[in-house]
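One structure is given here, and the rest of the page talks about it.
The values are calculated or read from the model by the stated rules, or taken from the named source; none is laboratory data. What you are looking at is a predicted structure, and each value in this text was computed from that prediction instead of being measured. Note that we place each Cβ from the backbone using ideal geometry, even for glycine, and neighbour counts take in every protein chain shown.
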Amino acid sequence: MIKITLPDGSVREYEKGATGYDIAMSISEGLARNVLAAKVNGEVWDATRPITDDATVQLLTWNDTEGKSTFWHSSAHLLAEALEELYPGVKFGIGPPIDNGFYYDVDLGDQEFGEDDLEKVEQKMQELAKNKSEYTRTEVSKADALKYFEEKGDEYKIELIRDLEDGKITFYQQGNFVDLCKGPHVPNTSFIKAVKLMNVAGAYWRGDEKRKQLTRIYGVSFPKQKELKEYLERLEEAKKRDHRKLGKELELFTFSEKVGLGLPLWLPKGTVLRERLENFMRKAQIKAGYDPVVTPHIGSKELYVTSGHYEKYGEDSFQPIKTPNENEEFLLKPMNCPHHCEIYKAKPRSYKELPVRLAEFGTVYRYEQSGELHGLTRVRGFTQDDAHIFCRPDQVKEEFIKVIDLVLYVFKALGFDDYTAQVSLRDPENKTKYIGEDAHWDKAEREIQEAADERGLTTVTELGEAAFYGPKLDFMVKDALGRSWQLGTIQVDYNLPKRFELEYTGADNQKHRPVMIHRAPFGSMERFVAVLIEHCGGNFPLWLAPEQIAILPISEKYQEYAEKLHTILSERDIRGSVDNRDEKIGRKIRDAEVKKVPFMLIVGEKEQNEERVSVRKHGQGDLGSMPWAEFVDHFQQESALNLN
């Protein structure tokens, strides 16, 4: 018998060789029908794989991230099986699960394949899924694995096998299809009830542009047809909300090849949006005791060698800037923290003045590959709402909790109410990726978890996601379409203060090392704005909207009154413009609706004579006629309600 410990801490006994499926059946038939895989001692296995020793086991379903990943991995194999039946001689690269679905890279030789062929492959996948073919795992020697694919003539699999260690190679088979794969997979193909192949792209073998370009086929699949339908509907809505599309329509930002890839240009309305966000954060920071600072866009290479950023991120930075002076080199700054360390170090510090909180909207630069650039979410130059808190060790948890409160205040003001806090720790199996002493890492990780618990946050723990200098708390926010984004981060760092030899004089009159907390509630301003645009579909909260009103005179006769109104409202910090085009009022209203202007103020003879405005609200229609002073009160109340 073996002892199995379940996630609730209960321990059950099973015969040696029991599977995840057997464990599920012992709990309920309903659970067994939905189990896709099992997490055994932290490693995801097939639900049908025998367990031979005592173990901790978590049963994975569609509701688990690893369950979805297993499902999509199996769907990639089903895609490969369908391709092999329809396109004899096809050769296979890799076919992994991804965040939303799966893909397979294939070499179809001289056979043509395009978007028009996707439906035919989909139908074959659905046909094969009904066969209920089991995904069977087999351990194979390296010699036998090579022999199999040499006979098949698949040079891609042969190359992959040569990189593998003998004794750790497995094949998976479903139906007539056999693949080199470490798994895991769902029990059989009948679990895959709904499939949609999304698009076709080119992909160089192993990401090397000097190698052959393969055909990459993307797809997504679900256990129910209804879930696929809902996903496709969300996808259509996401296209409408795409920040690149809305950014252009709302005249927020643009890109120019002459300026350079990944370097956004903020247009006037987008600049207003950014400034409103920055001013909102500045007020909150001043209230929380932060001091603003400004640092240069470049720094000496030695600065980043000291901090460790050059060693860790040198390849992702722009090339050093050389000066006429020998051995003098500068870098476009990839991070603000080294600069802030030097500001802290500029004068002696006493324990009485700690914590020191330094805040900056600092622009940083990283050389992202051109293929990875994407609108505002992945750029080469971006601004962080960065701050660094230098505190005593006994102040760390209190300061960390205050930053959590600031992040939650930001989320509330901007309508992000569905979020999870991710405790990002270092990978215990690969500590070479990190700097610093184990004792400091252990203490920092413990303090982060305690702070999150005290604030009652829902947390998940992710190994290997820590920054190279310390663990962190990342906020994973779901937008209106249910997509998850990482917004806001707080990091505890015992290492940079040591590398920069930062000190303060303690109550004992001895020198001590401060602890550093890195925090950025917005993260990257560019990325935050992109997510915000897509979350609210361009319908920004009233206090944030770049253009809050559009004054629409019915004809040229009322332009003077419209301009007078514009001046009055501008003096009351209500932003907008007068539409004085020679267009009919219906067209002006439609255009203001398309631009998502929150309020339209229509003025004609009656409004002019009685100093009133006829008010329309975006998406709601006519609110009636009122004195302009009454509209100002209404506007200010709604704006304050929005913000609070």
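Numerical summary
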| quantity | calculated |
| --- | --- |
| Residues that are surrounded by 13 or more Cβ atoms within 10 Å (Cβ to Cβ) and not in a helix (DSSP H, G or I), drawn from segment 584-609 | 595, 596, 597, 598, 599, 600, 601, 602, 603, 604 |
| Residue 200 vs. criteria hydrophobic (A, V, I, L, M, F, W, C), assigned by TED's automatic domain parsing to the domain that holds residue 127 and within 20 Å of the chain's Cα centre (by Cα) | no |
| Residue under evaluation residue 399, criteria (1) surrounded by fewer than 18 Cβ atoms within 10 Å (Cβ to Cβ); (2) more than 21 Å from the chain's Cα centre (by Cα); (3) assigned to a helix (DSSP H, G or I), criterion not met | (1) |
| Members of segment 114-142 found to be in a loop (DSSP other than H, G, I, E, B) and surrounded by fewer than 18 Cβ atoms within 10 Å (Cβ to Cβ), listed by number | 114, 130, 131, 132, 141 |
| Single residue of segment 149-200 satisfying the filter (aliphatic (A, V, I, L, M) and not in a strand (DSSP E or B)) that is surrounded by the most Cβ atoms within 10 Å (Cβ to Cβ) | 186 |
| Given (1) free of Cβ contacts under 8 Å to residues at least 12 places away in the same chain; (2) not in a loop (DSSP other than H, G, I, E, B), number of the condition residue 310 does not satisfy | (1) |
| Of all residues in segment 403-440 being in a loop (DSSP other than H, G, I, E, B) and without any contact (Cβ under 8 Å) to a residue 60 or more places away in the chain, the one that is nearest to residue 545 (Cα to Cα) | 417 |
| Test: residue in segment 88-105 that is in contact with a Gly (Cβ under 9 Å, 6 or more places away or on another chain), closer than 24 Å to residue 220 by Cα, assigned by TED's automatic domain parsing to the domain that holds residue 192 and assigned to a loop (DSSP other than H, G, I, E, B) | yes |
| Scan of segment 468-484 for residues that are at pLDDT below 85 and surrounded by fewer than 22 Cβ atoms within 10 Å (Cβ to Cβ), ordered by number | 468, 478, 479, 480, 481, 482, 483, 484 |
| Residue in segment 543-557 that is in a loop (DSSP other than H, G, I, E, B), in contact (Cβ under 8 Å) with a residue 12 or more places away in the chain and surrounded by 23 or more Cβ atoms within 10 Å (Cβ to Cβ) present | yes |
| Qualifying residue in segment 5-13 (condition: in a helix (DSSP H, G or I), loosely packed, with under 13 Cβ neighbours inside 10 Å, free of Cβ contacts under 8 Å to residues at least 60 places away in the same chain and not small (Gly, Ala, Ser)) | no |
